[in-house]
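Single-structure report; data block below.
The values are calculated or read from the model by the stated rules, or taken from the named source; none is laboratory data. Note that the structure is predicted; figures quoted are calculated from it, not measured. Quick reminder, even Gly has a Cβ in these numbers, built from the backbone with ideal geometry, and neighbours come from all protein chains shown. Note: areas computed on protein heavy atoms with side chains; ligands, DNA, RNA excluded. Shrake-Rupley method; radii C 1.70, N 1.55, O 1.52, S 1.80 Å.
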2 protein chains.
Amino acid sequence: MIKIKKFFEYNWQIRDEWFKWCKQLAPEALTEKRVGGVESILFTLFHIVDVEYSWIRGIQKKEDIVFHFSDYDTLEKVKTLSDELRKELIHFLKTDIENIKDHFIKVPWDKDTYSIDEILHHIVIHEIHHIGQLSVWSRELHLAPVQANFIGRQFNLIP
Amino acid sequence: MIKIKKFFEYNWQIRDEWFKWCKQLAPEALTEKRVGGVESILFTLFHIVDVEYSWIRGIQKKEDIVFHFSDYDTLEKVKTLSDELRKELIHFLKTDIENIKDHFIKVPWDKDTYSIDEILHHIVIHEIHHIGQLSVWSRELHLAPVQANFIGRQFNLIP
């Protein structure tokens, strides 16, 4: 069975590599407004973390928690947030999603309802898309981006 | 069961919207060398088509067909190539991939072997990543990019 979990593990691995990559930049470069995408390099990482968590809470019918970038405006704070929320995500992704994937979900920030299956695809794609944007900004800063290939990676966070 | 096919359908739908989007640009803008990603907007679309097809042929143990951008250097030619190859891809993706997904494959352009499951994830992610790059270039050209959300779309190419 094709497993959506592998996409999450891929995204987390790549995201952690971008967090490491960010260490070479000054704080001003991380939050500098850029063309395209969402605001800045650091805001992109914050946004990815925030969106993933909100949807997964939505799937679980838990109340949405709103994070404000003003509270997470350093690399360390965004990385810590990502690490903390990931624990809850791993816990959820270990459960048997197969049984619930055709359930429909309504979240407070969207007028439509979506199947859990659809939402999981959406979350995965959302992060990969934004990471592609980081890769261009990276070259604009004359830096090599994180290598994004899926093949050749090992994943073992979610059994 | 989470279906990898939905990711392919998503990618094709988005790609076709980028082909339409490209019509507003002059040929020189389509092939102008840009920072990051692969060369140009048109080369990115050609590259996505080429890589997807090569891997799917590899999975089927068919001989690799090498395409040269010099033969596909206009929007119309790349779109036609994409349409033509898609027929073969749909045919393959309609087959029961589940039965073969743990088979290992060796392709001529890579020294390692990979499972079919791994290759399918790789193809899907490869395109989404490059589309993210196009979205930044689009804003650099002061144009709105194609909207990339997965949720809210309908897919029906692959039963």
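Things worth noting here:
- Comment: the Cα-to-Cβ extended label point of B:Glu76, at 7 Å, lies 6.0 nm from its counterparts in the other copies, nearest first.
- Other copies of A:Leu157: label-to-label distances in nm, shortest first, labels 7 Å along the beta-carbon direction: 3.0
- Comparing each chain alone with all protein chains together (probe 1.4 Å, DNA, RNA and ligands left out), the residues of the stretch B:34-54 losing at least 10 Å² of accessible area are B:Val35, B:Gly36.
- Nearby lysines by direct alpha-carbon distance to B:Lys101 (threshold 23 angstrom, same-chain neighbours under 8 apart not counted): A:Lys3, A:Lys5, A:Lys6, A:Lys94, A:Lys101, B:Lys3, B:Lys5, B:Lys6, B:Lys61, B:Lys62, B:Lys87, B:Lys111
- Rolling a 1.4 Å probe over the protein heavy atoms gives the stretch B:23-107 an accessible area of 53 Å² per residue.
- Along chain B, the longest continuous region that contains none of the trypsin sites (Lys or Arg not before Pro) in a DSSP loop with at most 16 other C-beta atoms within 10 Å is B:112-152.
- Whole-Hz ³J(HN,Hα) from phi, Karplus 6.51 cos²θ - 1.76 cosθ + 1.60, for the stretch A:97-102, glycine and proline x: 5, 3, 5, 10, 5, 8
- Structural descriptor for chain B: relative contact order 31 percent, calculated from alpha carbon pairs under 8 angstrom and at least 6 residues apart.
- Those GluC sites (Glu not before Pro) in the stretch B:29-84 that DSSP places in a loop and that have at most 10 other beta carbons within 10 Å: B:Glu63
- Farthest positive-ward along chain A dipole, Cα basis, beta-carbon charges - from A:His68, A:Gly132, A:Ala29: A:Gly132
- Computed about its Cα centre, the charge dipole of the stretch B:88-140 is approximately 140 debye, with only Lys, Arg, Asp and Glu carrying charge at their Cβ.
- A simple charge model with +1 on the Cβ of Lys and Arg, -1 on the Cβ of Asp and Glu and nothing else charged puts the dipole of the protein assembly as shown at about 320 debye relative to its Cα centre.
- Dipole axis of chain B (+1 Lys, Arg; -1 Asp, Glu on Cβ), positive-most option in B:Asn149, B:Phe92, B:Trp55: B:Asn149
- Buried accessible area, chains B and A (both chains, 1.4 Å probe, Å² to nearest 100): 3500 Å²
- In chain A, helices alone account for a calculated mean residue ellipticity at 222 nm of -18500 deg cm²/dmol, with every DSSP H run of four or more residues adding -39,500 (n - 2.57).
- At least 40 Å² of accessible area lost relative to the chain alone, listed for the stretch B:1-33 with a 1.4 Å probe: B:Met1, B:Ile2, B:Lys6, B:Phe7
- Couplings 3J(HN,Hα) for the stretch A:67-74, derived from phi with the Karplus relation 6.51 cos²θ - 1.76 cosθ + 1.60 (θ = phi - 60°), are 9, 10, 4, 4, 8, 9, 9, 10 Hz, where x marks Gly and Pro.
- Carbon-plus-sulfur accessible fraction, the protein assembly as shown (probe radius 1.4 Å, protein heavy atoms only): 53%.
- Amide H contacts for A:Ser115 (H built 1.01 Å from N in the peptide plane; partners 5 or more residues away or on another chain; cut-off under 5 Å): A:Ile105.
- Residues of the stretch B:119-142 buried by at least 20 Å² of accessible area upon assembly of all protein chains, compared with the chain on its own (1.4 Å probe): B:His121, B:His122, B:Ile125, B:Ile128, B:His129, B:Gly132, B:Gln133, B:Ser135, B:Val136, B:Arg139, B:Glu140.
- Among the chymotrypsin sites (Phe, Trp or Tyr not before Pro) within the stretch B:97-145, those in coil by DSSP and having at most 12 neighbouring Cβ atoms inside 10 Å are B:Trp109.
- Among the DSSP helices (H) of chain A, those spanning at least 18 angstrom by Cα along their long axis with an average Kyte-Doolittle hydropathy of 0.0 or more are A:41-59, A:116-140; this is a geometric and hydropathy rule only.
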